[in-house]
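Reviewing the structure listed below.
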Amino acid sequence: MSDREIMRLYRSGATERAFEAIVSTYRERLYWHIRRFTCSHEDTDDLLQDTFSKIWAALPSFREDAQLFTWIYRIATNEALNFLRKKKVRAMISFEDIRSDMERKIDSDPYFNGDAIQRRLHKAIQKLPPKQRLVFNLRYFDEMKYEEISEITGITTGSLKASYHHAYNKIKTELEKIF
């Protein structure tokens, strides 16, 4: 179902059906979007549930100034970034290395079905600063246009292009170490 149809359904008073359409349309895409931040199936499931709860709560205030999907992605992105911030604070308090934890999760994840090169790619992505990681994931995996990413993040397209370029070069350098 298209975003336009979902909003038409919502505005007609069929709010629960509209929300069910949002969940069925975006569940898988948001799962993988969040998963690239958390590297954990369990954390992703929790965050996905929180994301849909926030979408449901905020849907009455959605003004349709932006596209529905970019608004939804912004909520999911904020949930994932807040999760990482909290995790980083807990890691600092417990003197745990969050990057090592994420790499360990990639290696031990029973749901990861990639080969060794894909593992290295995901580990290289985890080493990026959060902004570069976000831009790289949205552009590379979700194949979003810079304009769409700008709507989600509130960052100018020029800055996004620079962030993607830096992320790409860092990942390339990291992957060249294994070849």
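Every number in this text was worked out from the coordinates using simple rules, so none of it is lab data. What you see is a predicted model; the values in this text were computed from it and never measured.
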- Which of the lysines could a cross-linker span from residue 170 if the Cα-Cα distance has to be under 17 Å and same-chain partners fewer than 8 positions apart are dropped? 123, 127, 131, 161
- Message: Can you return the lysines within cross-link range of residue 54? Criterion is Cα-Cα under 17 Å, with same-chain partners fewer than 8 residues away left out.
- Response: none
